[in-house]
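Notes to accompany the following structure.
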């Protein structure tokens, strides 16, 4: 998800075009990150040292890591750590941008600093972002709430990426007492906790979930389309209920409710989590143990 989040920031900052970003994301699926790039990005080698080793590789039948160790630039332990990062989405993204000549490593680092400042992230937060771990990433974009906000939203995003769109990505969530929407499908869960969750959209944005999940092309957000969104919401909540059942937490799901006309969601500081799915923004709605209603 890092590539989509940071990549779209680069587009908004006019450092990449949308077409270039699409090319990068497509190409990164088929590349292998160079060990030298990771070493420089991790500040274990200078660019000059990496260039030297690359030149030596051209005349020596040896791997980058072996030469770097012989030169005293890296240790065997450091090589092992770098090899583990060759499949990291951050490194794949950076390698692809550099290979295509769109930006240099220094330019990417500069934009990462600007992005960090804009989001108000700490250095630890940035480590979470570039880790490629969905749960660590999702929590960065959630307000300080209960453990269940983190866990339910984590299940939701993982399920969206697995079943709806592998390129889906999140934006900063926010807490509100009221939200006007064009349509929504919401589900209540009772038991040890009172939980409302589901999806709300504007225009036809919810069709991205409905059509893909139901494997059926809906022309508009009608009750049939919302029923598919409700089934997907039930899938997410079922996964969460199964997860917490191992902790002796009981969650019983009620049938989803559908609102195909403009509605107002009201509550007490409920969470609205924007998720971009195929260039359309939908909102994941979540309320835990708090007032909640739809009018």
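Every number in this text was worked out from the coordinates using simple rules, so none of it is lab data. Only a predicted model underlies this, so the values are computations on that prediction, with no experimental measurement involved. All Cβ positions, even for glycine, are placed from backbone atoms using ideal geometry, and neighbour counts span all protein chains on display.
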From DSSP H assignment alone, runs of 4+ in the chain each adding -39500 (n - 2.57), the sum over residues rounded to the nearest 500 puts [θ] at 222 nm at -15000 deg cm²/dmol
Packing-based ranking, highest mean first, of 269-278, 66-75, 229-238 given that Cβ atoms within 10 Å are counted: 229-238, 269-278, 66-75
Near-label residues of region 158-190 by backbone N, under 11 Å of a point 7 Å along Cα→Cβ of residue 291: 177-178
Distribution of pairwise C-alpha distances over region 2-135, 5 Å bins, in %: 2, 10, 19, 21, 19, 14, 8, 5, 1, 0
Starting from the Cα-Cα distance between residue 193 and residue 12, subtract it from 0.36 nm times their residue separation and give me the gain in nm to one decimal. 61.2 nm
P(r) over all Cα-Cα pairs of region 59-160, 10 Å bins from 0 to the longest distance, whole percent per bin, short to long, reads 12, 29, 34, 17, 7, 1
What is the Rg over Rh value, at two decimals, for the chain, using alpha-carbon atoms and the Kirkwood definition of Rh? 1.06
What share of the DSSP beta bridges in the chain is antiparallel, in percent to the nearest 5? 100
Here P(r) for region 106-167, Cα-Cα distances in 10 Å bins, as whole percents, is 20, 44, 30, 6
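In nm, what is the difference between 0.36 nm times the number of residues separating residue 22 and residue 136 and their Cα-Cα distance?
38.6 nm
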Förster radius 35 Å - calculated FRET efficiency between residue 116 and residue 257 (Cβ-Cβ, nearest 0.05): 0.30
For region 140-294, what ratio Rg/Rh do Cα atoms give with a Kirkwood hydrodynamic radius? 0.93
Suppose R0 equals 25 Å; then what is the FRET efficiency for residue 29 and residue 105 from their Cβ-Cβ distance, rounded to the nearest 0.05? 0.75
